[in-house]
Structure formats: C-alpha cells, structure tokens
Amino acid sequence: MKKHPNYSLLFLIIFIISFSFLFLACLSASLSMQNRGNIYYFLLHQVLFGLLPGVALGLVAYMISLNFLKKWAPALVFVNILALFAVFIPGIGIRAGGATRWLNLGFTSIQPAEFLKITAIIYLSAWIASKLSDSDEKSWKSAGKKSYHNVIYILAPFMVLLGLILIGLILQRDLSTLGIIGATLLALYFSAKTPFWHTITLVALGATAFLIFIRFEQYRVDRFFTFLNPDHDPMGKGLQLKQSMLALGSGGFFGKGLGMSAQKFFLPESMTDSIFAIIGEELGIIGCLIIVISFILLFWMGIKMAKDSKDRFSQILAIGIVFYLTFQALINMSSVVGIFPLAGIPLPLFSYGGSHLVVELIALGLLLNISKNT
C-alpha cells in the first residue's frame, strides 16, 4: 500500500508559505526599489536562495528513509559542527555586523548555525531512540537515579554536544541561536522521560551561562534594559521596539492593506527580525491572529503525530521539529510586541533570509515524512 503524507499538514504548510511570500512580495517591492533599483530584487533573492533549494532539500527529507537518517545522524551533526568553526578560517568565513557567522560558498553564503538547529535535533533524536531501544523508559529512569555508570552514558554525551554548540555560537556572538537550540534540545531530552533531576541540572547550568554571557556583552545588557524601559532612549537603543509598537498600533483591527506600511522605511530589520510588526500594520490584528493560529495548528499536528507514531525516533524527531519552529516563532513575536527582550531571530517561514528558510523547509519535509507512517 502506497504511503501518503498527512494532507491537513501539507495544506497548512502550503498555506503558510504562500501567505509569507505574498506578504514578502508586497513588503519588499518598495524597499528593493529604494536600495537596489529593482522592485523584485529581494523577492527573487528569497526565491532563488531560499525557496527553491529549500523545497528541493525538503523533498529529499520527505523521501529519505528515516532509518537511513538515523544511521547517519552522527555524521551530519559532526560535519555541521566543523562548519560552525570553519567560519573563523580567513578567506572562508564572512564577517558582517560585528560577527563572523557565514561561510562563503562563492555563488552564495550559508549560516552553519541555522543548519545546526535541524542536525542537532536529528542527532539527539537518534541518540535517545538508540538508548531506549533495549529497555523501556522506566528502566532508564531507574538506572539514571541509581547508577553513576548509567548517568555517565545518559547525561554526559548530551552535555558534550551542548558544550561544542555553546563554544561555537559564543565565539560567533550568536546567543539567540544558542538559546533556540539549547531550549529545543532540552525539550527533547525531557520528552524522553529522563530523570527529572537531569533536566533541573541542565536548566540551572543553562540559565547561569546565559546570565554570564549577557553580562559580558554590553549590547546584550542594553537590550535587556531597553526591554524594561523602552522610553529611556527612544531614538537610540529603544528605536526598534518603539517603531515596532507604533507599527502594530497603527494597523488596528484590519490593517492598512498589503504594501501600505509606512513604518517599513523607519523600522530596523523590517523584513527580518521585525517583520511581524509590519504584518500587524498592514493586516492588523486579523493578520497576526492568522499567523499565531497557523503555528498553534502546526504544533498540535506535530505533537499528535508524535503520539500516534510507533517508532521512537520518529516520535522524538517530530517533537523536536515542532518545538523548534513554534518556540522560535513565539520568541520572535514576543520580542516584537514587547513582552520579551529583542532576540534578533527570524520569524520562521516569513522573515527574509535564505539559510533559515532552507532549514525550516527541510524540517517540514521531515515532518511530512514522519506523517507517512502514522
């Protein structure tokens, strides 16, 4: 019997992508003309270096054998971690905005940290599934409590993986991506019903590390205090948040209409980190609710899929994918509306940028792959 994907999930994915590109086409036209002299520049760039390779790799992710993926998961994350550190090699790495985060491929550039979001999820899902294959969750939980030997084999490899990721991203000064990856991997680890004290230990260590790294970078301290008091420097450090709030407030219930935003010319990162504010201005509360509901549906479908799956690897992988996508969307939208400090992360599937879109389409391809077997 031929297997097919979950059509409801497929329709939701097509709807979100269509909505995002329709909006980006309207938003980017005037900005492309102003900056590049061509109204299609940013849209074509997103299609050529984001959508097309993303769809191609997403189809590969949909068709690939999950057992094959599980087998090669360590190699994937190993190559990705090498690429994470390769950005510091002169002539290969690209420095922009005070940080070195991109690899120069000649015809384009990629951000290895974005790909680490999905390769780390695949690796940890495969690792946890292999650890649970010979014993049930109860025996693992008991072993983790009573045996130092088993704790070493359960907790230590996870901390080594986190440590390598932490070093690479701290050197790149990319605390936001580190937060997304760290929270996702912690959710995966917790979802496997590992001993609860493991999770508490990891949360405590992670929170301590975050506070330390925030303290030693002045711009991170400034972001935190701007979040607490955006009126302190409204034309300087608080400009992005103030302009975001102005854009959202001026949109009202139904918005000004597609392409009618005034704040896109004044709001920093209007096509990337702050795109949700422009959506609120042009499409109003209705447009914002459509996006929020879409991500809630994506999360619900993914969790239901994980629950229905009989394969341990598929269960954990589905949880990791939907948590990563919806958690990143939550942080992005929360920072734009002022209930979370500005994080500098894209809104999945909507923000301009090739690397993150390619990774998100790969993740959705894997989710559709898992749905074939549920």
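With unit charges on the beta carbons (Lys and Arg positive, Asp and Glu negative) and the dipole taken about the Cα centre of the range 272-374, which residue among PRO341, ALA277, LEU297 sits farthest to the positive side?
Result: LEU297.
Taking the Kirkwood radius as the inverse of the mean 1/r across Cα pairs, report the Rg/Rh of the range 1-85.
1.12
Relative to the first principal axis of the alpha-carbon coordinates of the chain, what is the inclination of helix 137-146, with its axis defined by its Cα atoms, in degrees from 0 to 90 and to the nearest 10?
Compared with the principal axis, the helix lies near 80 degrees.
For the range 41-128, what number results from the quotient of the Cα radius of gyration and 2.2 N^0.38 Å?
Rounded to two decimals, the normalised Rg is 1.23.
Which value, in Å² rounded to 10, gives the accessible area of PHE210 with a 1.4 Å probe and all protein chains present?
Surface open to solvent at PHE210 totals about 70 Å².
Just from the alpha-carbon atoms, what are the Rg and Dmax of the range 305-374 in angstroms?
Both quantities, over Cα of the range 305-374: 14.0, 41 Å.
What number comes out for accessible area per residue over the chain if the probe is 1.4 Å? Units Å², please.
Per residue, the chain has 48 Å² of solvent-accessible surface.
Using θ = phi - 60° and the Karplus relation 6.51 cos²θ - 1.76 cosθ + 1.60, list the HN-Hα couplings for the range 253-258 in order, rounded to whole Hz, with x at every Gly or Pro.
With the stated coefficients, the range 253-258 comes to 7, 10, x, 8, x, 4 Hz.
If Rh is defined by the Kirkwood formula over all Cα pairs and Rg also comes from Cα, what ratio Rg/Rh do you get for the range 251-372?
Rounded to two decimals, Rg/Rh equals 1.03.
Using a 1.4 Å probe on the protein heavy atoms, what percent of the accessible area of the chain belongs to carbon and sulfur?
Carbon with sulfur: 70 percent of the solvent-accessible area.
To check my understanding: the extent here is largest minus smallest coordinate of the Cα atoms along each principal axis. What are those three numbers for the chain, in Å, largest first?
That gives 61, 55, 44 Å along the principal axes, largest extent first.
Accessible area, 1.4 Å probe, largest first: how do ASP174, ASP273 sort?
ASP273, ASP174
Taking the Cα atoms only, what angle lies between the long axis of helix 73-86 and the longest principal axis of the chain, rounded to 10 degrees?
In the chain, helix 73-86 runs at an angle near 50 degrees to the longest axis.
Would you please give the residues with an amide H less than 5 Å from that of GLY255, counting only those at least 5 places away or on a separate chain, with H modeled from the backbone geometry?
For GLY255, the qualifying residues are GLY284, ILE285.
With +1 on each Lys and Arg Cβ and -1 on each Asp and Glu Cβ, how big is the dipole of the chain about its Cα centre, in debye rounded to the nearest 20?
920 debye
What's the angle, to the nearest 10 degrees (0 to 90), between helix 196-215's Cα axis and the longest principal axis of the chain?
Tilt relative to the chain: about 40 degrees.
The values are calculated or read from the model by the stated rules, or taken from the named source; none is laboratory data. Keep in mind that what you see is a predicted model, and the values were worked out from it rather than measured. A quick note on method: Cβ atoms are made from the backbone with ideal geometry, for glycine too, and the neighbour counts reach across all protein chains shown. The accessibility values were calculated without ligands, DNA or RNA, using every heavy atom of the protein model including side chains. Shrake-Rupley method; radii C 1.70, N 1.55, O 1.52, S 1.80 Å.
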